[in-house]
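Any read-out appearing in this document is the output of simple, stated calculations on the displayed coordinates, not a laboratory observation. Model, not experiment: these values are computed from the prediction. No Cβ is skipped: glycine too gets one built from the backbone with ideal geometry, and neighbour counts run over all protein chains shown.
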């Protein structure tokens with residue numbers, strides 16, 4: 001199954017320098033609005049901006065979630081990610097995070113909480129689709145799991161800082 005990303009580009013992959021803007025944006029929002037404001041920003045983006053994808057996830061279930069992430073990471077420069085799916089969950093094994101790798105390669109100071117954005121953004125998206133999401137790791141290698149439900153809430157200590 002393939003997935004058509006909701007944004008179109010004329011090139012097969014994005015520009016890695018966009019990660020500079022994301023890192024700076026996170027720093028700016030966190031400095032102006034604090035941790036709660038930054039989390040709210042990500043949640044609102046996850047629910048609002050990604051609404052069409054969330055609806056596709058809701059209607060198509062885990063196979064569409066897996067197809068989306070395959071298409072997403074195919075467009076991310078330098079990503080090394082395996083997407084696996086079962087009847088119960090979709091697992092993203094991020095062996096080389098393209099953002100963290102590029103920021104480090106360019107000797108940029110990464111906001112320490114950078115990796116938390118994947119949880120806050122994607123948890124909001126998963127909830128909007130009637131799913132749940134958990135994250136482990138960070139700082140360049142992590143594991144995202146999308147499922148119908150989890151017995152326990154996200155352990156925020158399971159997300160490493162950069």
At R0 = 22 Å, FRET efficiency that the Cβ-Cβ distance of residue 109 and residue 156 yields, to 0.05: 0.50
Relative contact order (percent, whole number), the range 18-158, Cα cutoff 8 Å, 6+ residue spacing: 26 percent
Gyration tensor (alpha-carbon) shape descriptor, the range 51-162, a/c threshold 1.5: prolate
Mean separation of Cα contacts under 8 Å (6+ apart) over length of the range 26-105, as relative contact order %: 18 percent
Global form of the range 19-98, assessed from the alpha-carbon gyration tensor, a/c cut-off 1.5: oblate
Label zone at residue 47, where the point sits 7 Å out along the Cα-to-Cβ direction: the range 106-143 residues whose backbone N lies under 19 Å: 117-134
